[in-house]
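Asks: Below: one structure in structure tokens.
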Amino acid sequence: MQSDVAAAVAKEIAILVTPVEAKRLARRQEVNAEAHLEYLKGKHTAEATSPQAIDLSLQYYQRALELDPTYAPAWAGVAGCHHTRAARGMAPPAEACAQARAAALRALELDDSLAEAYAVLGGVQSYERDLPGAVRSLQKAIELNPGLTPAYHVLGRIYYCTGHHAEAQEAMLKAVSLDPLSMILHTAVGDAYYYAREYEKSVDYYRKAIRLDPRFDGAHTDLARSLEALGRFDEARVEYEAGRQLGGTVAGPSFGLAHLEASAGNVAAARRMLAELTAARSQRVVSAWGIGAVHACLGDVDEAFRWLETAMQEGATGLIYLRVHPRLDPIRHDPRFAELVRRYGLDQV
């Protein structure tokens, strides 16, 4: 029915339908209504991006696949959840990326025109150090669905992580124009400005995200990061604490507080937090990338590189920010830094 309606509308308003679009409209595939409903529940729930939301979203998608194992969008949804788990430190990154890749490829086996699956695959490829491949997958996703905001989001991230800041901001602003009520996309624009060192502009977008959903922990911690860069330490501390409370088991905000104390000159407090985070690796997922970045902030050059090497071995998702992250400025001129950038492939785009 959706295909019939779309074809009729296209005909009535006399728009030009591309061959790819015509092929998609011509497809006839029965959809299990109950599976589709579970898929929609999963898609809506995943937008919160919290650990609890992702776990619940996976349950909805798995239920959809129990009802219809050939329903490609549900496989793409599973892939997206595992991608989020990798990106936000909810699971060992190599494990979660492998699960995301497998689910995305399964979705494409079932429907090779599914833009959402290409978008997730592009995100996974970016964490697997295949940035040219990631860009191709994301451009394919946008070709198939020019309104798919996650594809612009991940493509924009690749652009700013490789130093193409104008292109990154363009991609993120395009995403926001398509979905102006998304708190995730407002933080994405904020990130594009943060990594370009345009901190005041980033603050504006992080605050917009918080106004859209004050419960989103990522917007609070990202805002804190920019406030810290501007030297507004007391304001930053409030936002880091808010993010940590809202984030539950996500490890990121604790790293943020450690960086804040280091930047504010409270070295003893920063080292105490760093020691706690390092010890916690035996009990939960704690990013070696995050530990390395705090050591860099504290001027522990050799320790920073030791932990960044561990992060490389573990496939830490944070490494994609290696080339542009302000917190690594203290070690940026060491010859080992350029070698890490080259090994990750951040000079390929």
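Asks: Which of the residues belonging to region 60-107 are buried (at least 20 other Cβ atoms within 10 Å of the Cβ), over 19 Å from the mean Cα position of the chain (by Cα) and either of a type in the set (S, T, N, Q) or under 21 Å from Lys140 (Cα atoms) (or both)?
Replies: Tyr71, Ala72, Pro73, Ala74, Ala107
Asks: Applying the selection to region 279-288, what residues are within 20 Å of Pro330 (Cα to Cα) and in contact with a Pro (Cβ under 9 Å, 6 or more places away or on another chain)?
Replies: Within region 279-288, just Ser287 meets the criteria.
Asks: Does region 272-293 contain any residue that is surrounded by 16 or more Cβ atoms within 10 Å (Cβ to Cβ), of a type in the set (Ser, Thr, Tyr) and closer than 23 Å to Thr49 by Cβ?
Replies: Yes, region 272-293 has at least one match.
Asks: So, one more: Can you work out which of the residues in region 320-341 that are hydrophobic (A, V, I, L, M, F, W, C) and in a helix (DSSP H, G or I) is nearest to the chain's Cα centre (by Cα)?
Replies: Selected residue: Ile320.
Asks: Determine, yes or no, whether Tyr193 is farther than 24 Å from Tyr344 by Cα, without any contact (Cβ under 8 Å) to a residue 60 or more places away in the chain, of a type outside the set (A, V, I, L, M, F, W, C) and surrounded by 17 or more Cβ atoms within 10 Å (Cβ to Cβ).
Replies: Spelling it out, it is not the case that Tyr193 is farther than 24 Å from Tyr344 by Cα, without any contact (Cβ under 8 Å) to a residue 60 or more places away in the chain, of a type outside the set (A, V, I, L, M, F, W, C) and surrounded by 17 or more Cβ atoms within 10 Å (Cβ to Cβ).
Asks: Would you point out which residue out of Gln59, Gln52 is touching a residue at least 24 places away in the same chain (Cβ under 8 Å), over 20 Å from Tyr118 (Cβ atoms) and in a helix (DSSP H, G or I)?
Replies: Within the list Gln59, Gln52, the selection yields Gln52.
Asks: Please go through region 137-180 and pick out each residue that is basic (Lys, Arg) and touching a residue at least 40 places away in the same chain (Cβ under 8 Å).
Replies: If we filter region 137-180 for residues that are basic (Lys, Arg), which is where we start, we get 140, 157, 174.
Within region 137-180, Arg157 is the sole residue that qualifies.
Asks: Continuing with the same structure: Only one of Glu241, Glu228 is within 28 Å of Tyr206 (Cα to Cα), of a type in the set (D, E, K, R) and touching a helix residue (DSSP H, G or I) at 6+ places or on another chain (Cβ under 7 Å); which?
Replies: Selected residue: Glu228, the only one of Glu241, Glu228 that is within 28 Å of Tyr206 (Cα to Cα), of a type in the set (D, E, K, R) and touching a helix residue (DSSP H, G or I) at 6+ places or on another chain (Cβ under 7 Å).
Asks: Scan region 189-232 residue by residue and report those that are among the basic types (Lys, Arg) and more than 20 Å from Tyr152 (Cβ to Cβ).
Replies: Arg197, Arg207, Arg211, Arg215, Arg225, Arg232
Asks: Please verify whether Leu308 is buried (at least 19 other Cβ atoms within 10 Å of the Cβ) and either part of a loop (DSSP other than H, G, I, E, B) or modelled with pLDDT under 95 (or both), treating the condition exactly as stated.
Replies: Judged against the criteria, Leu308 is not a match.
Asks: Shifting gears a bit: Please count how many residues of region 120-139 are crowded, with 19+ Cβ neighbours inside 10 Å and more than 20 Å from Ala316 (Cα to Cα).
Replies: Count: 2.
The values are calculated or read from the model by the stated rules, or taken from the named source; none is laboratory data. Quantities reported herein were computed from a predicted structural model and do not represent experimental measurements. Because the Cβ atoms are built from the backbone with ideal geometry, glycine has one as well, and the counts that use them run over all protein chains shown.
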